[in-house]
Amino acid sequence: MAVWARLAAPCGWLRAAGLLGLRSRGGAARACCGAAPLPALRSAHRLPPWRLRVSVADCAQPSRAKGEACAPRSSLPVAVKQEQAAPETVSDLSAAKLYEDWDDVPPSSALEEISEEEAVKIIADPLLPPQSSTLRDYVDHSETLTKLVHLGVDLSQVEKRQKAGQLLLTLDFEKDITKILLFLKDVGIEDSQLGPFLTKNPYILGEDLEALETRVAYLKSKKFGNAEITQMVSRAPYLLLFSVERLDNRLGFLKNELGLSVKKTKDLVIRFPRLLTGKLEPVKENLQVCQVEFGFQRNEVQQIAFKTPKILTASKKRLRQTFDYLHNIMGIPHNMLTRFPQVFNSKLLRIKERHMFLIFLGRAQYDPTQPSYISLDQLVSLPDEVFCTEIAKASIQDFEKFLKTI
């Protein structure tokens, strides 16, 4: 490139960049006037390259009049003038000038102080408690808990069960819970009973769906009908938490210990399915108490257990107290107790009050071979009004007055 072209290039670059149109601090407008005189170019050509300097002032000067050609600012050679004067730079634009041109306001700093009025207007989302003793603190933050509440689940009861609250907080309603709800409906649990059912057994929500279906299929293979399975699951919510092996072992245990047939064993667990989910130790102990302490024969124990299976899981202390009063105080023989085993499910206080009232009236007769015989079933199962008028032949007021004397 020719020397004059190289010297004229800075003016063209500045004009292309738009810097020549900006105002300097002094406010004078600069315009490019053209290239330097040829002698100056030649003189500059004889200088070393690093001595060559081109400034905005050398190539631009104010116009004298409109349409007048530009003239050199000085008669000195360009090279000499470049050595004497330092190059002029474009002034920096102030921040205020830039903010005038920008639409956006400058961003605020995180450390900037704000007024109390502005602080009050700030609304922050409530923090999720890292630890809490109640699920109530999580309901507003958990879609799963909210939907379970709408379903009728009592979270105040659920949180009392070991690790049940932690389980619910880890589950997704759509992904984990919906399929279990559909399964329970297929089993026969009504929509209105889903909430109470899950309140009693929230752990079923964490069970594998295939495992649950396998347990239902096992019950059906043992000839339990759909309605019977529904009844069993409703009365014993934990039933489907037991594996097929445990269910099979429980059925075998009851059949062998009680000496019942397969049909009677099935009928027994349908009426009292908690025999399949409760502990086996109380069952063994109560069977031992009936035979050894109470003196019932094995066949009598079978009849008592089949008619009143609840006796197998009852408190041993309460059983002993009830048997002692019936057999030793009232004089009821074993065969009569075997015939009416439901008397063991009654409250001992009710038995005492009614028996003492009948003694007071002279009507305490429990021998079926004697006149005015009163069965044990009539003694404990009838309401007070019916018992007084039909059995005791007295008024309810007389019975209430008598109770105040004992």
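So here's what we get for this one:
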read-out	value
Residues located in segment 391-406, provided they are of a type in the set (D, E, K, R) and part of a helix (DSSP H, G or I)	ASP398, GLU400, LYS401
Residue satisfying condition, being of a type in the set (Asp, Glu) and either farther than 30 Å from ASP248 by Cβ or in the same structural domain as SER243 (by the TED database) (or both), within set GLU213, GLU190, GLU207, GLU174	GLU174
Helices (runs of 4 or more DSSP H) wholly inside segment 280-390 that include at least 1 residues being farther than 23 Å from LYS401 by Cβ, outside the structural domain of PHE253 (by the TED database) and among the aromatic types (Phe, Trp, Tyr)	298-307, 316-323
Selection count, segment 238-265, where residues are touching a residue at least 12 places away in the same chain (Cβ under 8 Å) and either part of a loop (DSSP other than H, G, I, E, B) or touching a helix residue (DSSP H, G or I) at 6+ places or on another chain (Cβ under 7 Å) (or both)	18
Candidate set: segment 137-152, residues that are of a type in the set (D, E, K, R) and either surrounded by 13 or more Cβ atoms within 10 Å (Cβ to Cβ) or under 10 Å from the mean Cα position of the chain (by Cα) (or both); chosen: the one modelled with the highest pLDDT	LYS147
Some residue of segment 266-278 being in a helix (DSSP H, G or I), of a type in the set (Ser, Thr, Tyr) and farther than 19 Å from ASP186 by Cβ	yes
Answer from LEU268, LEU260 - the residue that is open to solvent by less than 10 Å² (accessible area, probe 1.4 Å) and over 21 Å from ILE332 (Cα atoms)	LEU268
Of the criteria (1) at pLDDT 95 or above; (2) under 51 Å from the mean Cα position of the chain (by Cα), which one MET356 fails	(2)
Residue pairs meeting the criteria (Cβ under 8 Å; at least 6 apart or on separate chains; first under 15 Å from LEU358 (Cα atoms), in segment 321-338; second small (Gly, Ala, Ser))	MET330/ALA364
Single residue of LEU247, LEU155 found to be surrounded by 14 or more Cβ atoms within 10 Å (Cβ to Cβ), over 30 Å from ILE304 (Cβ atoms) and of a type outside the set (Ser, Thr, Tyr)	LEU155
Neighbours by Cβ (under 7 Å, 6+ apart or cross-chain): first from segment 189-218, under 23 Å from GLY165 (Cβ atoms); second outside any helix (DSSP H, G or I) and among the charged types (D, E, K, R)	THR199/ASP154; PRO202/ARG161
Given (1) open to solvent by less than 20 Å² (accessible area, probe 1.4 Å); (2) in contact (Cβ under 8 Å) with a residue 40 or more places away in the chain; (3) closer than 26 Å to SER261 by Cα, number of the condition ILE311 does not satisfy	(2)
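Rundown of residues vs (1) among the polar types (S, T, N, Q); (2) in contact with a Leu (Cβ under 9 Å, 6 or more places away or on another chain); (3) open to solvent by less than 10 Å² (accessible area, probe 1.4 Å); (4) in contact (Cβ under 8 Å) with a residue 24 or more places away in the chain, yes/no style:
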{"site": "ASN345", "(1), (2), (3), (4)": "yes, no, no, yes"}
{"site": "PHE357", "(1), (2), (3), (4)": "no, yes, yes, yes"}
{"site": "LEU361", "(1), (2), (3), (4)": "no, no, no, yes"}
{"site": "LEU379", "(1), (2), (3), (4)": "no, yes, yes, yes"}
{"site": "PHE387", "(1), (2), (3), (4)": "no, yes, yes, yes"}
{"site": "ALA394", "(1), (2), (3), (4)": "no, yes, no, yes"}
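The values are calculated or read from the model by the stated rules, or taken from the named source; none is laboratory data. All values derive from a computational prediction rather than experimental measurement. Cβ sites come from the backbone with ideal geometry, for glycine too, and all protein chains shown count toward neighbours. Heads up: the accessible areas ignore ligands, DNA and RNA and are worked out on the full protein's heavy atoms, side chains in. Shrake-Rupley method; radii C 1.70, N 1.55, O 1.52, S 1.80 Å.
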